[in-house]
Structures are given as structure tokens and as C-alpha cells.
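Below is one structure, written out as C-alpha cells; comments come after it.
The values are calculated or read from the model by the stated rules, or taken from the named source; none is laboratory data. These figures come from a predicted structure and were not determined experimentally. Cβ: placed from backbone, ideal geometry, glycine included. Neighbour counts: every protein chain shown.
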């Protein structure tokens, strides 16, 4: 029997499949070997000539190669390339930024007109866009065993943005859209970045006529007449009343203030500080918003950015920083419904920079304040320190329906169309004053705004216009803080003269009543009662000594009408205040003109010393000053006597007095006695006896 067995059909099929697999493996291995051979051949020839690249991407003016560990150097190369090829990147307030044109929008109380030029912070994505547009990037590719093109690494953008304070980019102070003047008075009219000022002139292809370098005074006056006639004195088509021709300015100084706002808008980036211009009307429809938009329309071709002031101080500061960081050049606090005041606004107006937290970010920034601020409102109150930072322009149409007036042109559209000529006229007026050597004017400069005063205000008065600050005196007189302080000073001095008193004593004295000759109840300290009840009552209408004391403490030593409150010690933990005359002439003028009746207690009769010197401590008709409301007389009189005599309290009570001091003590006691009621004079006599006894006592 043959031991060799024939394979079955199934085994034959399996062997056939195995043979095919082996053939396939051999084929793959041979292919790998051929590929490896070709690669080795390519590498050998690459030393003689560069490998062919199939790069169909756009060309770039610069090239940066990224290598492992070379991030700082690559970032340096990228920054140099961006600067060399004018990427439009600048540094400002610790941030990188770019110039952009905005669409119309309102965000968190900030409304910008369409097409407004703003300064936008550069974020990572915007930085990557700049890096990819100007630089050809490449990095090592292991598969290709060569450098290949790539996108800009995000780490490069992040490192570049993080180098605050170490950038080589140009510093951007602001953007202007019309020719302007540099701080030295020279003309800036070339588009692009100005190395001298850090300003960028973006005319948006608008052509401006040349600005004369040395115009005459007559040319400057003609330029102002042109601005007046074209902007502020347009004929009314449906009224012949003089009040309806153009804007209803109350005084020539109001028209001058409107001119000053236009000139300030043209040169604001070159001024260290500038005041706020307030368009104040007697009723709605007086065209105050249009008046406020004119400076912006002339300087930028667009209405002003509208800013809502608001009552939240922290929110106002953040939004203020945001709008200043964006480089808005003209900002309007439109239609104020609250008094014009606020620490943030005061800082912005009188400082060249402001520091604070940015809106929407957990970051702080220091930004320039080179913006013109405007405000509008009906009978707006200006409070406190804001008064000296405001130029007011009063409008009084003397009409019940001023909004019905029709004029020959729409200034909102006419000004942008004729803007080049208007800009030329404004700068010509300023250049005329500069070319003349800036002649001195017969008034002191406006404090905190000396550069503006020299550039704008004095140019206007030299060219024959009224002083734009003439209307500011009305604001100061209407300041509620000033009225309140003057009323209290005058009433306090009327009652207490040169002696001091606590706020509780003042309330007690003001509340006293007595019967007159006819048996009617009257108040001996009526003026003090009126001042206190008008300004220092709680919600229930009750006089609060605490409110009086807090107010005096806040405005201690501030002079009004020649008087001020001074600290004169304390008793029973209560502060003693006295009124001191520091300007005799102003005090006499204030009292003689009867202004007490306009400072919070109108029409309340004559003072207690009518016909006599109101601040003379020897006046026998002086009202009594020593109703202490339950406080111990012995504790109060020593301080009063020392004050009246001009002596040190401790030295006086110890009897350590020279001959001159004894004479002063006698005169002071005589003065004080005339201010005391009979029962109180006994306490004074006892005090003098104690002082004398202390002087006679043997030294220890």
C-alpha cells in the first residue's frame, strides 16, 4: 500500500491562498525598498540644489522661520517685520492697538455715529491676522524632512501682546480727521503718523485747502465772521423776530463760547487740558443738541459720541475709560437730567491722563484725556468743583415752541459737505493770533486750563470777540453748594460774630423764639433759622445738628464772600466752629449788596445789627451768642474767651500771661461780654476770677 496521500481539494485551496499572500508580501517589500532607494537618492542630490516646493500660497514681504526653543527670537523678528512693513499697529496706554472705522451702535450708554474713527485694542486673533498677512511663516516638518510653510503660531501673538512696556511700535496719542495745530502752533496737515505729536491724520481721502502760516489780524477776523455767519447766524424762514435768527444766544459771550468750542475741537489733541462746554437752554427744542454737534461735525465730519453720565460713579468711570481708550475726540453728555458733577468727570477735564479699571475687563489702564467734552440740558445745575471746569453757552429762545422754527439749511448735512473750508477758517483764526506773537490779554488765565486759555480764549478776545468765560460767573452764583455755604456763613456770623459755636448750639439758637412788642412770636435768629431749615433737615423736616457739622467739616476753610469756617477746638466731643473774615473788602461788598437774601433765606428782614458794622464785635446791638442748649457754661466759656483775646487756652487758664497778654485778655473779655446775656455775664466774671487766682498762686 502506498503511504503517500494525495491532498484533498480543501487543502489545495488553502495552499493556493497562502502562495498568493506570500507573493503580495514580497511585492510590498520590494516596493518599500525601491521607495527608500529613491529617497536616499533625493537626499543626496538636495545638497547640490534645493528640493522643489509646491507652494501656491500668496507671497509675503517678510519671512520668519520658527525653530524649537526660538520663540523669543521669532517674536523679535515678527515685531521688526510688522514695523518695517507698516502693519498699522501702535502702542497706547499699555496696549497694542489699531485704527478702525465703526458702524453706528449704542453699547452701555455710549453711542457712536456711523463711520466714526476709533482706536481698537489689538487682541490675539487680530494680531494673528496681521502676522499672517505680512509674514511668510515656516517650520520644520519631520515627514518631509524639511521646512514647510505654516500659519503664524498663536504663541508668537500671545508673546507679542504680553510685552507691554518693551515694544518698539510707535506711540499713538490720538487720531484726527482734519488738519490741526501742534502744541507749538505749527500746522499738521500731512496724512499719516506725525512723529512730533504721536497723532495720526486720517483724512479719509478728503482734500483740505492749505492753512495760511502767517495770516494777518484782519484775515483772522474775517475767518471768525465766516464761521459766525455760516454756522450760528442763519436766517429763520418762518419768523422775523431777532431772537429767532440763528441760535438764540443770550449774550455775546455765549456766541463766543460756541466759537470757542469749534476752535477747541480742531486743536484738542494738542492741548494738555480743555474745559467742558455746556449748552444750557431755558426749555426743550432750543437746538442745544445741534449746537453741541457743530464742533464735532466741523472737526470730524460726524456728530459727537453721546455719553450717558448716569448716577453710578464706578460705572461712569469704567465707561469713561472705555470711550477715552477708543480715542473718541468729541463726547457729548446730552440732555442731562441730573446736576453736572462727579469726581471722574472732574479728573478727566483737569488731568492729562486718567487711570482706572476697563469696562468688561479685570484690567487697569492709564489713558490720555485728549477729548473735547460737551454737555446739554435745560437749566442744568453745575455743582461744586465742576464750576471752574465749565464754559457755559446760554440759549434763550423766548418762545413757547422754539422747535417750530425753520431755517434755510440743515447744518447736520451742510457742515460735512463744506467742512474743508470751515476747518481752514478755524485754523486761520488761531494762526493769526500765533503769528502776531500771542499778544497779552487783560485778564488772568483760566486755572487748570492754561494751554487752552493761551491757544483759544485769548485768540478770540484778541480778534474782537467777547470773553467766552463771561457767562461762567452765573454758574458760580447758582452753584447750590456755594449758595448753601454762603447762607450758613452769613447767618452764623450774624448770630455768633467772632465767637465760636457748635452745630448743636446753632440749631438751638435758630430754634429760639420770643414775643415782640405786639405780642407776636418772632425768631431773634431768623436768618440762621432760614438757612438751617432750607438745607439741614431730615426726611421729617426736623433740623439735624449732625448734618450741619458734617457740611462745615467738609468745607472747612473754604472762602466764600470773604468768610470761612475755622476749627476752634472742641467741647464734650463737639466741634466748635467760628466764622473768620479773611477778605474785608469782599465781605463788606457782599453784605452791602444784600446777597444774603439770594443765598437761601430770601426776604427775611434785616440783620440784628442793621445800620452797624455787621462783623464788629463791639456792636452793642449784636445778638446774644451764648445759648448753649444744656451744655455747661463753664466748659464753653474758656475757649470763647481765649479766641476773643487771641491767647493760648492753656496759658490763659494757668495765668501765665505777659503784660500784653493781660491787656488782650481784658479787651477780649469786654468784647465777649457784649455778646452775652446778663445771666451769662456772671459766668464770665467767675472765669476771669479763676484766671486771676491762677496767676497769683505761688509756683510749685
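Things to note:
- When 375, 365 are checked against the criterion of being touching a helix residue (DSSP H, G or I) at 6+ places or on another chain (Cβ under 8 Å), more than 19 Å from residue 468 (Cβ to Cβ) and buried (at least 17 other Cβ atoms within 10 Å of the Cβ), a single residue qualifies: 365.
- Selection count, region 388-401, where residues are part of a helix (DSSP H, G or I) and crowded, with 22+ Cβ neighbours inside 10 Å: 1
- Identity of the residue in region 216-236, touching a strand residue (DSSP E or B) at 6+ places or on another chain (Cβ under 8 Å) and in a loop (DSSP other than H, G, I, E, B), that ends up surrounded by the fewest Cβ atoms within 10 Å (Cβ to Cβ): 235
- Residues located in region 560-575, provided they are in contact with a helix residue (DSSP H, G or I) (Cβ under 9 Å, 6 or more places away or on another chain), surrounded by fewer than 17 Cβ atoms within 10 Å (Cβ to Cβ) and assigned to a loop (DSSP other than H, G, I, E, B): 572
- Residue list for region 470-503, filter: surrounded by fewer than 19 Cβ atoms within 10 Å (Cβ to Cβ) and touching a strand residue (DSSP E or B) at 6+ places or on another chain (Cβ under 8 Å): 474, 478
- Hey, residue 207 in contact with a helix residue (DSSP H, G or I) (Cβ under 7 Å, 6 or more places away or on another chain), in contact (Cβ under 8 Å) with a residue 40 or more places away in the chain, buried (at least 24 other Cβ atoms within 10 Å of the Cβ) and more than 22 Å from residue 381 (Cα to Cα) or not: no
- Residue 246 satisfies every condition listed in (1) at pLDDT below 95; (2) at negative phi; (3) assigned by TED's automatic domain parsing to the domain that holds residue 415 except (2).
- Only one of the numbered conditions (1) crowded, with 19+ Cβ neighbours inside 10 Å; (2) closer than 14 Å to residue 220 by Cβ; (3) without any contact (Cβ under 8 Å) to a residue 12 or more places away in the chain is violated by residue 437, and that is (1).
- Within region 237-247, the set of residues being crowded, with 17+ Cβ neighbours inside 10 Å and either free of Cβ contacts under 8 Å to residues at least 40 places away in the same chain or in contact with a helix residue (DSSP H, G or I) (Cβ under 7 Å, 6 or more places away or on another chain) (or both) comprises 246, 247.
- Of the listed requirements (1) at pLDDT 90 or above; (2) in contact with a helix residue (DSSP H, G or I) (Cβ under 8 Å, 6 or more places away or on another chain), residue 306 misses just one: (2).
- When 405, 409 are screened for being in contact with a helix residue (DSSP H, G or I) (Cβ under 7 Å, 6 or more places away or on another chain) and over 25 Å from residue 349 (Cα atoms), only 405 passes.
- The lone exception for residue 550 - which of (1) in contact with a strand residue (DSSP E or B) (Cβ under 7 Å, 6 or more places away or on another chain); (2) surrounded by fewer than 17 Cβ atoms within 10 Å (Cβ to Cβ); (3) free of Cβ contacts under 8 Å to residues at least 60 places away in the same chain; (4) within 30 Å of residue 583 (Cβ to Cβ) it fails: (1)
- Residue within region 442-465 that is part of a helix (DSSP H, G or I) and more than 27 Å from the chain's Cα centre (by Cα) present: yes
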